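Right, one structure below, let's go through it.
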Amino acid sequence: DAGVIQSPRHEVTEMGQEVTLRCKPISGHDYLFWYRQTMMRGLELLIYFNNNVPIDDSGMPEDRFSAKMPNASFSTLKIQPSEPRDSAVYFCASSSNIHAFSYNEQFFGPGTRLTVL
Amino acid sequence: KNEVEQSPQNLTAQEGEFITINCSYSVGISALHWLQQHPGGGIVSLFMLSSGKKKHGRLIATINIQEKHSSLHITASHPRDSAVYICAFRGASGSRLTFGEGTQLTVNP
């Protein structure tokens, strides 16, 4: 398995533009997570999905951010309009189903480094 | 107060030294993760534990549920261990992770 795949790896855009980040989770994983990492705030969970359904989006900063998971093998995180303070590394991670008495690790993608000028 | 705190924030060691990084949390958890973030940015999951101790090569992770504390130990440290080490916990319900701020470890030759 190729692991979690994210694209693009780097994105530079101008303030006000729409940005779309993409993620392909590991095949068979039921959970998908979007994280943001900045120097100031460290790693933060933005949203996570279970079986393509958003479960917790309380970490999404504001309405400019939206995430979708149209099928089990693809998710997008969209920022519209983008602002300089959105500059960060955005990680996608996936994990397999979490049962009551067993726990599974999260596997991280390489991240997308976003710079908004 | 943060729900999870790591110490120290920065740690510099000489090659061969024994390293300890600490993580304290303030809520009930179902599991605690230790992650390693390389200088290039990639994140690797090192351990996930809910009790006791786990060992992998030169790395040892321990957790004390009663004291809400976990430690990551590195024996015979090496410059390639230089990275940011992050602890994260999963709450008693659900699967979201809450992250510590990380410990920057630098091992000098």
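Some observations on this one:
- Accessible area in square angstrom per residue, chain B, 1.4 angstrom probe: 47
- Rounded to the nearest whole Hz, the Karplus-based 3J(HN,Hα) values (6.51 cos²θ - 1.76 cosθ + 1.60, θ = phi - 60°) of region A:110-117 follow the sequence x, x, 10, 8, 9, 10, 10, 8, with x at glycine and proline.
- Within chain A, longest stretch free of exposed GluC sites (Glu not before Pro) [DSSP loop, at most 13 other beta carbons within 10 Å]: A:63-117
- Put simply, the Cα atoms of the protein assembly as shown extend 49, 41, 39 Å along their principal axes, the longest span coming first.
- Of the solvent-accessible surface of chain B, computed with a 1.4 Å probe and all protein chains present, 49% belongs to carbon and sulfur.
- Cross-link partners of A:Lys78 among lysines (Cα-Cα below 21 Å; sequence separation of 8 or more within a chain): A:Lys24, A:Lys68
- Among A:Ser75, A:Ser96, B:Leu97 - extreme Cα towards positive end, dipole of the protein assembly as shown, charges at beta-carbon: A:Ser96
- Residues of region B:78-109 that bury at least 20 Å² of accessible area once all protein chains are present, compared with their chain alone (1.4 Å probe, heavy atoms only, ligands and nucleic acids left out), are B:Arg90, B:Ser95, B:Arg96, B:Leu97, B:Phe99.
- Per residue, the accessible area of chain A comes to 51 Å² when a 1.4 Å probe rolls over the protein heavy atoms.
The values are calculated or read from the model by the stated rules, or taken from the named source; none is laboratory data. Computed from a predicted model, the values in this text were never measured in an experiment. Cβ atoms come from the backbone with ideal geometry, glycine included; neighbour counts cover every protein chain shown. Note: areas computed on protein heavy atoms with side chains; ligands, DNA, RNA excluded. Shrake-Rupley method; radii C 1.70, N 1.55, O 1.52, S 1.80 Å.
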